[in-house]
1. Residue by residue through segment 2-41, note down the ones that are modelled with pLDDT of 85 or more, more than 12 Å from the chain's Cα centre (by Cα) and in a helix (DSSP H, G or I).
2. Which residue out of ILE39, ILE65 is among the β-branched types (Val, Ile, Thr), closer than 30 Å to ALA23 by Cα and free of Cβ contacts under 8 Å to residues at least 60 places away in the same chain?
Amino acid sequence: IWVWSIILISHIIYTKKRPDLRAKSTFRAPLTPFINYLILGLFAFILLVMLFAEATRLSLLMTPIWFIVLAMLYKYKKR
């Protein structure tokens with residue numbers, strides 16, 4: 001969900017910053033930008049369902065901690 005959300009947000013920013021390139025494109029995503037926001041809302045709903053499901057709650061709550069650990073390791077390795 002994280003990766004796909006980043007892709008959608010990038011596409012939203014792209015269409016706002018470069019409408020000229022989007023207009024020239026031979027392959028345009030249908031229903032842009034409405035569909036991007038709709039799918040982001042769907043992802044938020046999925047995360048909410050995961051939060052209330054006992055089987056997935058712990059992994060969902062541990063995800064921010066995992067991202068923090070990865071960021072710390074990245075900064076440590078970068079030095």
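The values are calculated or read from the model by the stated rules, or taken from the named source; none is laboratory data. In this text the structure is predicted, and so the values were computed from the model without any measurement. Note that we place each Cβ from the backbone using ideal geometry, even for glycine, and neighbour counts take in every protein chain shown.
1. ILE13, TYR14, THR15, LYS16, LYS17, PRO19, ASP20, LEU21, LYS24, PHE34, ILE35, LEU38, listed by residue number.
2. ILE39
Table: residues versus (1) in contact with a Cys (Cβ under 6 Å, 6 or more places away or on another chain); (2) hydrophobic (A, V, I, L, M, F, W, C); (3) surrounded by 12 or more Cβ atoms within 10 Å (Cβ to Cβ).
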residue: LYS24; (1), (2), (3): no, no, no
residue: ASN36; (1), (2), (3): no, no, yes
residue: LEU48; (1), (2), (3): no, yes, no
residue: LEU58; (1), (2), (3): no, yes, no
